[in-house]
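What follows draws every value from the coordinates through simple rules; no lab data is involved. None of these values were measured; they are calculated from a predicted model. Cβ: placed from backbone, ideal geometry, glycine included. Neighbour counts: every protein chain shown.
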Amino acid sequence: MTSSHPQGPKAPSFVDAALAFATWTFAALALQGAAQAQFPCNTPAAGVDLVVGRISGSALWGTAGGQSAYSFGTTLCNVGSVAATYEASTPNHPLVGQNLYRIEDGRLEQIGMGWMRHTWLPLQQSLCCTCNPAAGGMLGPGCSDTNSTAADGIQGSLGPRSQVNGFTGSFPYPFQTAGQTGDAVYKRLQAPTMDIDPGVHPGAVYVGETFTVDPTDAAAGNGQNGFSWQPLTRNPFPTGAAYRLQTIGATTPLQPAIHAWQALEPAVVLRDVQVPGEGLFVAASHAIPNGNGTWRYEYAVQNINSDLSGQRFSVDVGTATVTDVGMSFPAYHSGEPYTNAAWAASTSGGSVAWECAGFAQNQNANALRFGTTYSFWFTADEPPTAGDVTLGLFKPGGPGPQTVQLDVPSAGPVTAANYCTANPNSTFMVTGLWVSNVDLNARSMDLEVSSMPAGQFGFIATSLTPDQVDMPGGSAGNLCIGGAIGRLVGGVVFQSDSSGAATVPVDLDTVPTPNGTTQVMAGETRYFQAWHRDLTFGGMATSNFSRGLSLSFL
């Protein structure tokens, strides 16, 4: 892992190590509480749809050059309606990639990655769904294929990421270095040993991630759900020069590892960044008060399958004073052609930005490529609200920069914060609730709902009292407001659009209460939450809630 703020090692005592082991274990167990996604067995996707159904076990291969190498056992499931091709001697077979993450002090960082494993000869098992076996080296609909930790670490079967198009799933065959082996870490999932050392990172939690890329899966439009993540514990005592990582609890399928950050830190905000016609990124933020009038702003951006890649990340900071600007990213290795140069940071014009060299300058610049997560951070003297962050794309021919709203510093008329633990809806996302366009002179604002299932009805409720009631009245979600609750904020029942979003204009002079309407006054803090209809995979209707939204009007 490459960071602009590296930390030096410190020697742990035996007591420190024992206490740290307990801390890691409890923190990793907390990740098990994340809602587990169901596989769409009764409503399979059209075509091939390969996903990682389970991550089972972890192998430690040794160390070299300050790096430790690992591999995870992986089960691929075909939850689509068509058999998947596994032709080992052609470019018509699935690839499997593996990554390693650390969550520490409220920050998510990807600290390691491996090359892509080329698969062959699938089993016909039924881990995810009931298997409909296929012959001739194909994985039948509903069938699963399990590979051990040893199989996923075979060096001769590992090919470079640089030869893979993450969006189309295409790659050449034979791939470069096919059949080649090397030292213990060559081509395998590797991370700096210091980044796993309990003396350097005593309170860290680790997460493994496995994902699949396949040309027929991508051609069917199913290339964005192949990621799964797995909580890990770390042995506090070394094996040789390295530290073992062990799986604990259950795999969370159909989610990239950036969701693990939200599972462990409920205040983390996630937003999809869907590039029109070409791939998906997921962006996340976490605003953490320092207790001295400043806030630490943490961001992570994960490229799921975009071949266009990311070249620039910027955050609107308004008039806030910004310090301690930094970033981190995993290092390419084993002969990949990409550079490991840190992105240049700048603070000007009301924004903080990081960027690498452009495509025209260096086609092998350190762009944010598929299956990879970069992290960014700074400290500011203004509290958080919802504001713009922008992702600039690397390769030419794309649609231009993509902007979404996350936590940003604000000296504006309202400060906003998410609170309360929310459960994922049937899209495996947590429904978001945001504020925008606040105008206290015009007495108006907009509340924006995101990450809902498409075409579902809902309404927004409000209260002066925060609360948390788990799954009230048989709902699949949690109620985050209490006391006197006013329903139908904005006076409407909304319906989500095809992207799962809806916008509700709000008149700040007619906010509902159980006994009529009231005016929002300066100095008040009000709490809002969206309720909506939801669906299970069996087609049964239920309901869910967004995360709570706290708005303090200045």
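A few remarks follow.
- The modelled label-to-label distance between Lys395 and Gln361, using points 7 Å beyond Cα along the C-beta direction, is 2.0 nm.
- Trypsin sites (Lys or Arg not before Pro), loop per DSSP, at most 14 other Cβ atoms within 10 Å - longest free stretch of the chain: 11-442
- Total charge dipole magnitude, the chain, about the Cα centre, Cβ charges on Lys, Arg, Asp, Glu only, Debye to nearest 20: 800 debye
- Residues whose amide H lies under 5 Å from that of Leu308, counting only those 5 or more places away or on a different chain, are absent; hydrogens are built 1.01 Å from N in the peptide plane.
- Extended-chain gain in nm, criterion 0.36 nm per residue less alpha-carbon gap, Asn42 and Thr525: 169.4 nm
- The range 150-281 - charge dipole about Cα centre, Lys and Arg +1 at Cβ, Asp and Glu -1, debye rounded to 20: 220 debye
- In a simple Cβ point-charge model (Lys, Arg +1; Asp, Glu -1; nothing else charged), the range 267-411 has a dipole of about 220 debye relative to its Cα centre.
- Residue among Tyr332, Thr536, Asn441 farthest towards the positive dipole end of the chain, charges placed on Cβ: Tyr332
- Set the Cα radius of gyration of the range 348-440 against 2.2 N^0.38 Å, with N its number of residues, and you get 1.35.
- Efficiency of FRET between Ala454 and Gln180 - r from beta-carbon atoms, R0 60 angstrom, step 0.05: 0.80
- Here the label points at Thr90 and Ala250, each 7 Å from Cα along the C-beta direction, are separated by 3.8 nm in the simple model.
- Counting only DSSP H runs of at least 4 residues, each contributing -39500 (n - 2.57), and dividing by the residue count of the chain, the helix-based mean residue ellipticity at 222 nm comes to -1500 deg cm²/dmol.
- The value of relative contact order for the chain, using C-alpha pairs under 8 Å at least six residues apart, is 13 percent.
- A straight chain from Ala501 to Met540 at 0.36 nm per residue would run longer than the Cα-Cα distance by 11.9 nm.
- By the count of other C-beta atoms within 10 Å, a proxy for reagent exposure, Val301, Val207 are ordered fewest to most as Val301, Val207.
- In the chain, taking the dipole from charged Cβ atoms about the Cα centre, the farthest positive-side position among Ala454, Gly156, Gly293 is held by Gly156.
- Pairwise Cα distances in the chain exceed 32 Å in 45 percent of cases.
- For the chain, the cysteines with no partner cysteine C-beta closer than 4.7 Å are Cys356.
- Going from the residue with the fewest nearby Cβ atoms within 10 Å to the one with the most, Thr233, Thr465, Thr385 rank Thr465, Thr233, Thr385.
- Taking the fewest neighbouring Cβ atoms within 10 Å as the starting point, the ordered list for Leu60, Leu488 is Leu488, Leu60.
- Sparse-neighbour loop sites [chymotrypsin sites (Phe, Trp or Tyr not before Pro); the range 455-554; at most 13 other C-beta within 10 Å; DSSP]: Phe537
- Nearest 10 degrees, 0 to 90: helix 14-31 Cα axis against the chain principal axis: 70 degrees
- A Förster radius of 45 Å, combined with the Cβ-Cβ distance separating Tyr173 from Leu440, puts the computed FRET efficiency at roughly 0.15.
- Applying a DSSP loop filter and a limit of 10 other Cβ atoms within 10 Å to the chymotrypsin sites (Phe, Trp or Tyr not before Pro) in the range 342-436 leaves nothing.
- Were the residues from Tyr419 through Asp509 laid out at 0.36 nm apart, the gain over their Cα-Cα distance would be 29.9 nm.
- Approximate shape of the range 412-553 as ellipsoid semi-axes (Cα gyration tensor, √5λ), whole Å, largest first: 25, 16, 13
- Note on Leu123 and Asn340: their simple-model spin labels are 3.5 nm apart, each label 7 Å out from Cα toward Cβ.
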